[in-house]
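A short reminder: the numbers here are calculations on the coordinates, not readings from a lab. Just so you know, these numbers come straight off a predicted model, no measurement behind them. Positions of Cβ are backbone-derived with ideal geometry, glycine not excepted, and every protein chain shown enters the neighbour counts.
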Amino acid sequence: MIRMPRAAHEHLSPTGVPPLAPLPTYPDVVVIGAGAAGIGAARRLLARGLSVAVLEARLRLGGRTVTTSLRGHPVDLGAHWLHAGPINPLVALGLARGEPLRRAAQENHLWVGRRPGRPAEEAAFGRAWAVADRAMTDGARLHGEDRAAASALPPGLGPWGQRVALVHGLVSGRPLTEVSLHDFPSMEYGDNFFIAGGYGAYLARLAAGLPVALATPVTALDWAGQGVRLDLGARGTLRARAALVTAPMMVMQEPAPALRFAPDLPGPVRAAIDGFRTGIYEHVVLHWPSSPFRGRDRLASLIGGRLQPPGLLTRVDGTPFHYFELDVPLARRLDAARAGADGARRLVRETLAEQVGRGCLRDLAVPAVTEWRHDPWSRGSWAVVPPGHTGARDLLKEAVGERIWFAGEALSREQWGTAGGAYAEGERAADAIAAALH
Ligand SMILES: Cc1cc2nc3c(=O)[nH]c(=O)nc-3n(C[C@H](O)[C@H](O)[C@H](O)COP(=O)(O)OP(=O)(O)OC[C@H]3O[C@@H](n4cnc5c(N)ncnc54)[C@H](O)[C@@H]3O)c2cc1C
């Protein structure tokens, strides 16, 4: 048997755990998971007058959003961008609460072969983005049959086109050869925000006062009789009228789900869950005071050279912190070599030495490397829709047996894979549950 390594970020603790309320003994609704979807749902269910118990497997809140403290600075190990400002409920709520949101910079860095890109190169890169994005949007609209998003990319875009595909593959969670074309254009990326103090810390603040039990994994959900009965291992059982499941798709997938259903879910629901692919996106957190990249919160595209970072966010909130992102091919390479976090550190140094020169790396430190793909409560960064699986997000919005609902990033069409999408889905499911139970 292959033993999965422990996720390298697991020992890093969150910056804050707010006070939580005790659980009711027989809640109307039990919410499985205290990530963005679970927090959004619990707040909305309570506001609708229902009693709620949130059960969370981890010792902390926030799921795939968590802020830790590195060298005295708050640093997000999961979600960091508040994407899609105009439709992201966490932006609207943050503005209403007076949270310290800031708009993401529009300026980016382009480096080509160890020097800043020239105006003609920047223009060529911009054209490649526009052509590729139009081709994929049109491809999704014009062709009836779903196929890989990569197949819509026009040939002849050269190295700029390859770079565009690499970045889209990173932010999609898998190479575009494995991503549904029909699902792809649904992401609304414009108008992003960041939040001072970290996204994870913000989500934890939103959970203050909610009835959450931490360190309480649900191993089975029994819906054979009336309502639902949750198996909590050594902690016994809990009954409720209905359940909202926000565990990541990967955690529920056969053949070894960490959360079982008894009786098993209806065939189409089971197929919808199992058909998602594991998205991979990992942060290698750099502390790099003398980095050649200036300006706050800018993305850098480093082109030319054998090794290229698929994503680099520089000078986060004006600090020396940078994120070097790992995509599927890089994570796969590290895992095949069983290289772990130290392998990621070597890879970053090797890549940046090639791109900016070894002399620029003298004060580079790598204080954290994430491994969400090896974390037992996420098993990946987000769920990806492969070609032919587009119906899954909507199918999972239907209640099962009038007592089980699903929510989470995987169900969001327009904000897929994001914390804002997960929160919105939590609220949507809460409204559906309230309508059914009242
Ligand atoms: C490195 C990285 C960077 C990212 N960057 C961004 C970004 O910049 N912007 C963005 O919007 N999104 C980003 N994302 C994605 C975003 O973090 C997720 O889409 C979002 O947080 C998912 O929220 P959720 O509520 O659906 O799931 P989760 O946050 O995973 O919450 C589910 C909860 O269920 C719990 N759970 C699982 N199984 C059980 C069980 N059996 N019993 C009890 N509890 C259980 C888990 O512990 C977890 O707390 C990133 C993700 C990663 C990994």
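Backbone phi angles across region 35-49, fed through the Karplus curve with coefficients 6.51, -1.76 and 1.60 (θ = phi - 60°), yield HN-Hα couplings of x, 4, 5, x, 5, x, 5, 5, 4, 6, 5, 5, 5, 8, x Hz in residue order; Gly and Pro are listed as x. Along the positive direction of the dipole of the chain (beta-carbon charges: Lys, Arg +1; Asp, Glu -1; about the Cα centre), which of 206, 372, 289 reaches farthest? Sorting the options by dipole projection puts first 289. Dividing the mean sequence gap of close Cα pairs (under 8 Å, 6+ apart) by how many residues the chain holds gives a relative contact order of 25 percent.
What's the center-to-center distance, using Cα atoms, between region 364-438 and region 1-69 in Å? Between the Cα centre of region 364-438 and that of region 1-69, the gap is 14 Å. Karplus-derived 3J(HN,Hα) values for region 70-83, using 6.51 cos²θ - 1.76 cosθ + 1.60 with θ = phi - 60°, are 10, 6, x, 10, x, 10, 6, 9, x, 4, 10, 8, 8, 6 Hz; glycine and proline are entered as x. The simple spin-label model puts a point 7 Å past each Cα toward its Cβ; for residue 11 and residue 402 those points are separated by 5.2 nm.
Extending 7 Å from Cα along the Cβ direction at residue 413 and again at residue 262 yields two label points whose distance is 3.7 nm.
Between residue 254 and residue 25, the simple spin-label model (points 7 angstrom out along Cα→Cβ) gives 3.9 nm.
Counting beta carbons within 10 Å around each of 427, 398, 107 and listing the fewest first gives the order 107, 398, 427. Using only the C-alpha atoms, the convex hull of region 293-434 corresponds to 165 Å³ per residue.
Taking the chain as a Gaussian network of alpha-carbon nodes connected by springs under 10 Å, the highest mean-square fluctuation of the residues 359, 94, 169 belongs to 359. Over all pairs of different C-alpha atoms in the chain, the reciprocal of the mean inverse distance, the Kirkwood hydrodynamic radius, equals 22.4 Å. Counting neighbouring Cβ atoms within 10 Å and putting the fewest first, the residues 423, 26, 281 line up as 26, 281, 423. Full extension of the segment from residue 145 to residue 130, taken as 0.36 nm per residue of separation minus the current Cα-Cα distance, would add 3.0 nm. Look at the alpha carbon pairs under 8 Å that are at least 6 residues apart: their mean separation over the length of region 182-254 gives a relative contact order of 15 percent.
Residue separation times 0.36 nm, minus the C-alpha to C-alpha distance between residue 118 and residue 337: what's the value?
75.1 nm
Relative contact order, whole percent, for region 1-123 stands at 18, derived from Cα pairs under 8 Å and 6 or more residues apart. Cβ crowding within 10 Å ranks 327, 335, 138 as 138, 335, 327, fewest other Cβ atoms first. The C-alpha atoms of region 247-307 occupy a region whose extents along the principal axes are 58, 24, 18 Å, arranged from largest to smallest. Relative to the current alpha-carbon distance between residue 103 and residue 431, full extension at 0.36 nm per residue lengthens the span by 115.1 nm. Its residue count N fixes a reference of 2.2 N^0.38 Å for region 39-94, and the Cα radius of gyration divided by that reference is 1.40. Using only Cα coordinates, the Kirkwood hydrodynamic radius of region 42-156 works out to 19.5 Å. Calculated [222 nm] ellipticity per residue, helices only, for the chain: -9000 deg cm²/dmol; basis is -39500 (n - 2.57) per DSSP H run with n ≥ 4, divided by all residues, nearest 500.
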